[in-house]
1. Could you grab me the full set of residues in the range 191-207 that are of a type in the set (Ser, Thr, Tyr) and at pLDDT 95 or above?
2. What is the one condition in (1) more than 15 Å from the chain's Cα centre (by Cα); (2) at pLDDT 95 or above; (3) closer than 26 Å to MET82 by Cα that ASN218 does not satisfy?
3. Looking at the range 102-111, is at least one residue loosely packed, with under 13 Cβ neighbours inside 10 Å and part of a loop (DSSP other than H, G, I, E, B)?
4. Output the helices (runs of 4 or more DSSP H) that fall wholly within the range 147-240 and possess 1 or more residues being of a type in the set (Lys, Arg), surrounded by 15 or more Cβ atoms within 10 Å (Cβ to Cβ) and out of contact with any Cys (no Cβ under 6 Å at 6 or more places or on another chain), or say none.
5. Taking the stated definitions as given, is PHE226 farther than 26 Å from THR144 by Cα and either of a type in the set (Phe, Trp, Tyr) or over 20 Å from the mean Cα position of the chain (by Cα) (or both)?
6. Residues to consider are HIS66, HIS72, HIS79; find the one that is without any contact (Cβ under 8 Å) to a residue 60 or more places away in the chain and either part of a loop (DSSP other than H, G, I, E, B) or closer than 26 Å to ARG170 by Cβ (or both).
7. If the requirement is being modelled with pLDDT of 95 or more and of a type outside the set (D, E, K, R), which of these qualifies: LEU84, LEU71?
8. Within the range 181-192, identify whether any single residue is over 17 Å from TYR20 (Cα atoms) and either of a type in the set (Lys, Arg) or under 19 Å from the mean Cα position of the chain (by Cα) (or both), and answer yes or no.
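The values are calculated or read from the model by the stated rules, or taken from the named source; none is laboratory data. This structure is a prediction, so every number in the text was calculated from the model and none was measured. Neighbour counts are summed over all protein chains in view; Cβ atoms, including those assigned to glycine, are modelled from backbone coordinates with ideal geometry.
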Amino acid sequence: MQSHPLRNQPQQKGLRGVLYRRFTNRLVASAQGRRHILNQMAFAEDSDEGVIFDMLLERIDDPELHKWVQLHQADEQRHAEMFLTALERNGFEPFPVPPELSLLDRLDKALGGFFDTFTQRENPVMEAYLLLQVIEERATTQFTDLAPAFERYDPKTAEILAQIAKDEQRHLKYCVAIARRYAPNPEVATATLNQFRDVEAQVFSKLSIANIEHALSNELPDMSPFELRLWQGILSVLKRVNQPIRTPFANLANHKPIVA
């Protein structure tokens, strides 16, 4: 089974990843920016991954699988509550996340309507858990990177992020084990994981642009007029350059098999 990177691994390689990380750090420095990030993370932990869990529980008749799905789902719901508590502690209420800022919505479209075609897929459980794996890889990467950024402004949330990042590493083991169990062979599992990682890297790149655009349009970070114009210029360049943002998991794995 594939080993996973240490949680101190840098978030993303490449200029686009670095710029997105810097912009996210600027958001964390703003109260409204922290509100946006905490709300988005709470939504992703519950609603985004919850769609996959519900789909597996409703469409796959397998008691042993249901046991693992329910265990995984309970953890993610607990994480969502932790983020909502942090949001409320900072004096904010949760609010709807626009569809264009949802990673799962974008992944579903990029994979040709994954949820609509789920029961017609050749290896649905394997694919669902490999999709969860790339989502968890992104979450682990982001939470690990955000924890020190929050430390200065909201130490309690920084502790929550570090704790959840550890939980997500454990969830990655679930994903690998279940995908391996339901895969027809190692080659199919590896090829599918590589495909999903490539798609997710492209999708996250576009999502990062949408997040920056949303934040600038709604004046979420506290910026001087000069800094605002600078980031608007950077955003314009990013829109013209198509560069995927891969996680350290994908970079270090280098498309190696996940199954022995």
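1. Going through the range 191-207, the residues of a type in the set (Ser, Thr, Tyr) turn out to be 192, 205.
Residue satisfying the conditions is THR192 alone.
2. (2)
3. In the first step, residues of the range 102-111 are kept if they are loosely packed, with under 13 Cβ neighbours inside 10 Å; the result is 109.
Next, from what is left, pick out any that are part of a loop (DSSP other than H, G, I, E, B): none.
So far as the range 102-111 goes, no, none of its residues is loosely packed, with under 13 Cβ neighbours inside 10 Å and part of a loop (DSSP other than H, G, I, E, B).
4. It comes to 155-182, 186-217.
5. Details: farther than 26 Å from THR144 by Cα: yes; either of a type in the set (Phe, Trp, Tyr) or over 20 Å from the mean Cα position of the chain (by Cα) (or both): yes.
It is true that PHE226 is farther than 26 Å from THR144 by Cα and either of a type in the set (Phe, Trp, Tyr) or over 20 Å from the mean Cα position of the chain (by Cα) (or both).
6. Details: HIS72 fails: without any contact (Cβ under 8 Å) to a residue 60 or more places away in the chain; HIS79 fails: without any contact (Cβ under 8 Å) to a residue 60 or more places away in the chain.
Going through HIS66, HIS72, HIS79 in turn, just one is without any contact (Cβ under 8 Å) to a residue 60 or more places away in the chain and either part of a loop (DSSP other than H, G, I, E, B) or closer than 26 Å to ARG170 by Cβ (or both): HIS66.
7. On the way: LEU71 fails: modelled with pLDDT of 95 or more.
Only one candidate passes the filter, namely LEU84.
8. Initially, the range 181-192 is screened for residues over 17 Å from TYR20 (Cα atoms), giving 181-192.
Those left that are additionally either of a type in the set (Lys, Arg) or under 19 Å from the mean Cα position of the chain (by Cα) (or both): 181, 192.
The answer is yes; a qualifying residue exists.
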